[in-house]
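The values are calculated or read from the model by the stated rules, or taken from the named source; none is laboratory data. All values derive from a computational prediction rather than experimental measurement. Ideal geometry is used to build each Cβ from the backbone, glycine not excepted, and the neighbour counts take in all protein chains shown.
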């Protein structure tokens with residue numbers, strides 16, 4: 001079974017699985033005042049009513065908004081979360097049977113010959129510094145439009161290649177504070193500085209610096225939810241594609 005998880009490791013809205021029911025994903029939504037841990041799971045036959053959720057101290061409107069879920073009014077006039085039921089488990093059962101589901105990142109990456117003019121004109125642009133320490137990526141992200149400290153965010157990311165497929169990674173990412181970012185990356189010599197343009201469903205990265213040296217490379221990335229899904233490529237990006245590539249940013253700093 002491997003290492004057992006602790007209830008203290010449960011993270012809001014993260015997905016988990018019961019080793020006795022590997023086909024069901026459980027979304028953790030919180031703990032009630034009786035120390036029961038509550039989860040949502042997909043169920044087309046029975047839907048979670050708002051009254052039931054409120055009875056146990058939860059805010060169903062916030063859950064629906066945070067998870068981008070659909071609602072409907074049932075035959076009894078009760079507002080429900082469409083397609084989901086929920087269930088609670090106690091600490092002992094969670095620590096015995098539950099495991100986190102590691103999110104998969106499935107992406108296609110292309111080397112571009114140039115930056116399309118349509119991309120240059122957008123406002124959804126970010127300055128990103130990615131530093132690598134012991135295989136872990138620490139990232140500083142600052143939007144160009146809001147060029148103040150209040151809008152800067154920091155992230156810690158661990159990636160693991162899945163089954164030698166260059167397009168598929170297990171990815172664990174969390175937001176961190178500036179203090180942790182600086183303490184973990186102090187004197188780090190492996191890093192990339194790039195400008196990211198978020199264009200339609202694409203991330204277009206212009207790499208400007210690698211390990212302290214000037215660089216220039218344009219990469220286009222498209223993330224999909226299923227390995228059989230293909231990128232939706234607009235004509236302006238298709239014309240700019242030189243080739244598909246399978247190296248990572250980490251490969252550039254080695």
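Yes or no: region 24-40 includes at least one residue that is assigned to a loop (DSSP other than H, G, I, E, B), at pLDDT 85 or above and assigned by TED's automatic domain parsing to the domain that holds residue 248. It would help to see each step written out before you state the result.
Filtering region 24-40 down to residues assigned to a loop (DSSP other than H, G, I, E, B) leaves 32-36.
Pick out the ones that are also at pLDDT 85 or above and you get 32, 34-36.
Those left that are additionally assigned by TED's automatic domain parsing to the domain that holds residue 248: none.
There is no residue in region 24-40 that is assigned to a loop (DSSP other than H, G, I, E, B), at pLDDT 85 or above and assigned by TED's automatic domain parsing to the domain that holds residue 248.
Inside region 103-218, counting only strands (runs of 3 or more DSSP E) that do not spill past its ends, which hold 3 or more residues that are more than 18 Å from the chain's Cα centre (by Cα)?
Details: elements: 104-112, 125-133, 136-143, 153-162, 165-176, 191-199, 202-210.
Ranges flagged: 104-112, 125-133, 191-199, 202-210.
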Residue 24 fails exactly one of (1) farther than 18 Å from residue 100 by Cβ; (2) without any contact (Cβ under 8 Å) to a residue 24 or more places away in the chain, namely (1)
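Going by what's in this entry, would residue 13 be described as surrounded by fewer than 16 Cβ atoms within 10 Å (Cβ to Cβ), closer than 24 Å to residue 70 by Cα and touching a strand residue (DSSP E or B) at 6+ places or on another chain (Cβ under 7 Å)? Walk me through how you get there before you give the answer.
Working: surrounded by fewer than 16 Cβ atoms within 10 Å (Cβ to Cβ): yes; closer than 24 Å to residue 70 by Cα: yes; touching a strand residue (DSSP E or B) at 6+ places or on another chain (Cβ under 7 Å): yes.
Considered against the rule, which asks whether it is surrounded by fewer than 16 Cβ atoms within 10 Å (Cβ to Cβ), closer than 24 Å to residue 70 by Cα and touching a strand residue (DSSP E or B) at 6+ places or on another chain (Cβ under 7 Å), residue 13 comes out as yes.
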Consider residue 197 carefully, then state whether it is under 13 Å from residue 107 (Cβ atoms) and surrounded by 12 or more Cβ atoms within 10 Å (Cβ to Cβ).
no
In region 216-228, the residues that are touching a residue at least 40 places away in the same chain (Cβ under 8 Å) and farther than 19 Å from residue 114 by Cα
223, 224, 225, 226, 227
Restricting to region 46-96, name every residue that is under 27 Å from the mean Cα position of the chain (by Cα), loosely packed, with under 12 Cβ neighbours inside 10 Å and not in a loop (DSSP other than H, G, I, E, B).
62, 65
Close pairs from region 175-187: first under 13 Å from residue 137 (Cβ atoms), partner part of a helix (DSSP H, G or I), Cβ under 9 Å, at least 6 apart
176/184
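Have a look at 136, 152, 204 and point out the one that is at pLDDT 90 or above, surrounded by 17 or more Cβ atoms within 10 Å (Cβ to Cβ) and not assigned by TED's automatic domain parsing to the domain that holds residue 12. Spell out how you get there, then give the answer.
Values: 136 fails: surrounded by 17 or more Cβ atoms within 10 Å (Cβ to Cβ); 152 fails: surrounded by 17 or more Cβ atoms within 10 Å (Cβ to Cβ).
Result: 204 is the single residue among 136, 152, 204 that is at pLDDT 90 or above, surrounded by 17 or more Cβ atoms within 10 Å (Cβ to Cβ) and not assigned by TED's automatic domain parsing to the domain that holds residue 12.
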Matching entry among 241, 218 (being surrounded by fewer than 18 Cβ atoms within 10 Å (Cβ to Cβ) and closer than 21 Å to residue 105 by Cβ)
241
